[in-house]
Amino acid sequence: MTDRRRAELVMIHVQRTGIYINDDLTKTNAEVLASLRLKEPELVEKAWSRDGKLFVRYRGNDLNEIVSSDKYRLWLAKPWPIRNQVTPRTTYARKVLDGSNTRPTNKP
């Protein structure tokens, strides 16, 4: 079995467990990814990285797109949302950042 195939099998197993492995992104890529996720939650359904590349799925679109470097400036130039501005489509990451995490805890 090749190393690539072994890595693919591990990824399939990990995906089924609900565990996520984060890429070690450059500072710019990490900032663009955060921008995609937080700056316009009404526009972006999902954003993620894989092998150092950024991907996005826009709401109402079934296709995933690779975020090209010319789009980086566009997303970095957008203003950050006002803190504590929670909407029905606010992502979990935004809620945690704002301190309004509503996820139930297991504490007694």
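The values are calculated or read from the model by the stated rules, or taken from the named source; none is laboratory data. If you're wondering where the values come from, they're calculated on a predicted model, not measured in any experiment. Please note: Cβ atoms are built from the backbone with ideal geometry, for glycine as well, and neighbour counts cover all protein chains shown.
For the range 1-53, taking the residues that are at pLDDT 90 or above and assigned to a loop (DSSP other than H, G, I, E, B), the one that is nearest to residue 80 (Cα to Cα) is identified as 39.
With respect to (1) in a loop (DSSP other than H, G, I, E, B); (2) under 20 Å from residue 82 (Cβ atoms), the lone exception for residue 60 is condition (2). Pairing residues of the range 56-69 that are under 21 Å from residue 29 (Cβ atoms) with residues that are surrounded by 12 or more Cβ atoms within 10 Å (Cβ to Cβ) and acidic (Asp, Glu), at Cβ distances under 9 Å and at least 6 apart in sequence or on separate chains, gives 56/45; 56/65; 57/45; 57/65; 58/45; 58/65.
Among the residues making up the range 40-54, those that are surrounded by fewer than 17 Cβ atoms within 10 Å (Cβ to Cβ) and over 10 Å from the mean Cα position of the chain (by Cα) are 40, 42, 43, 50, 51, 52, 53.
Condition first: β-branched (Val, Ile, Thr), in a loop (DSSP other than H, G, I, E, B) and modelled with pLDDT under 65. Now tell me which residues in the range 63-97 satisfy that. Selection gives 86, 87, 90, 91.
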